[in-house]
Amino acid sequence: MPSQQPPGSPRRAELLDACYGYVLAHGLTGLSLRPLAAATGTSPRVLLYLFGSKENLVREVLARARREQISLLQDALDLDTAPPVGELAGRLWTLLSAPEQRALVRLTYEAFLRSVSRDPGPWQGHAAETARDWLDLLVRAQPETPRALAEARATRVLALIRGLLLDLLASDDPERVTAAVQAGHWAPGD
């Protein structure tokens, strides 16, 4: 059922925010419209009316999460200063490993892994879009570096941060994981 409400309607925006908050708190696994609607003060029928389908709602919640994360990353990277790659990576780690970011990081990983599964459903493309967003930011933060080298450095930093964040989520041992961060280098030559 296609949405009859324009994408910019205040009620739709309000419910998208509420659904986003619910998904941050509860995750995507087993997401059902009835509990989601009850928690957001509406009905499944209204959610379907406003978003067209559960899949469209999930796509919009994930797009909202990506926008929020990119905004946070842009602020943390301070793209106008062009610091060394190691400093950029350190800033990203500090931001993303903070306890207040756990829910967003957990949601990002959940959607990321679902989007690379054999049957990605509404998550299709999320991992590729997220990776592209992050790589673009890290490449832009290295304006004096040749593009190929900037991409290689950005790819390495992202791989390391993703692995470390996944370890942090799995172990909930920030001291050990942060010690691993401090024991190594983000890029050759750091």
> Using the heavy atoms of the protein chains alone and a 1.4 angstrom probe, what is the accessible area of the chain per residue in square angstrom?
Replying inline: 53
> Roughly how big is region 26-139's charge dipole about its Cα centre, with Cβ charges of +1 (Lys, Arg) and -1 (Asp, Glu), in debye to the nearest 20?
Replying inline: 640
>> Between Arg156 and His26, what's the calculated FRET efficiency when r is the beta-carbon distance and R0 is 22 Å? Round to 0.05.
In response: 0.05
> Across every pair of different alpha-carbon atoms, what Kirkwood hydrodynamic radius in Å does the chain reach?
Replying inline: 18.0
> For Asp78 and Arg106, FRET efficiency with R0 = 25 Å and r from the beta-carbon atoms, rounded to 0.05?
Replying inline: 0.45
>> Suppose each label sits 7 Å from its Cα in the direction of the beta carbon; what would the Ala13-Leu166 distance come out to in nanometres?
In response: 3.7
> Taking R0 as 22 Å, what's the FRET efficiency between Ser117 and Asp173 from their Cβ-Cβ distance, rounded to 0.05?
Replying inline: 0.20
> For region 1-77, max minus min Cα coordinate along each principal axis, in Å, sorted largest first?
Replying inline: 41, 27, 19
> Out of Ile70, Val85, Cys19, whose Cα points farthest toward the positive end of the dipole of the chain (charges: +1 Lys, Arg; -1 Asp, Glu; placed on Cβ)?
Replying inline: Cys19
> What number, in percent, do you get for the relative contact order of the chain if the mean sequence gap of Cα pairs under 8 Å and at least 6 apart is divided by its residue count?
Replying inline: 21
>> Contact order normalised by length for region 26-108, with contacts defined as Cα pairs under 8 Å and 6 or more residues apart; what percent is it?
In response: 26
> How much length, in nm to one decimal, is gained on full extension between Thr145 and Ala38, taken as 0.36 nm per residue of separation minus their Cα-Cα distance?
Replying inline: 33.4 nm
> For the chain, list the DSSP H helices whose alpha carbon atoms reach 20 Å or more along the long axis and whose average Kyte-Doolittle value is -0.5 or above?
Replying inline: 10-26, 54-77, 126-140, 147-171
> Could you give the nm distance between label points at Thr94 and Arg132, where each point is 7 Å from its Cα heading toward the beta carbon?
Replying inline: 3.1
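The values are calculated or read from the model by the stated rules, or taken from the named source; none is laboratory data. These figures come from a predicted structure and were not determined experimentally. For neighbour counting, all protein chains shown are included, and Cβ atoms are generated from backbone atoms with ideal geometry for every residue, glycine included. Accessible surface is based on the protein model in full, side chains and every heavy atom, while ligands, DNA and RNA are left aside. Shrake-Rupley method; radii C 1.70, N 1.55, O 1.52, S 1.80 Å.
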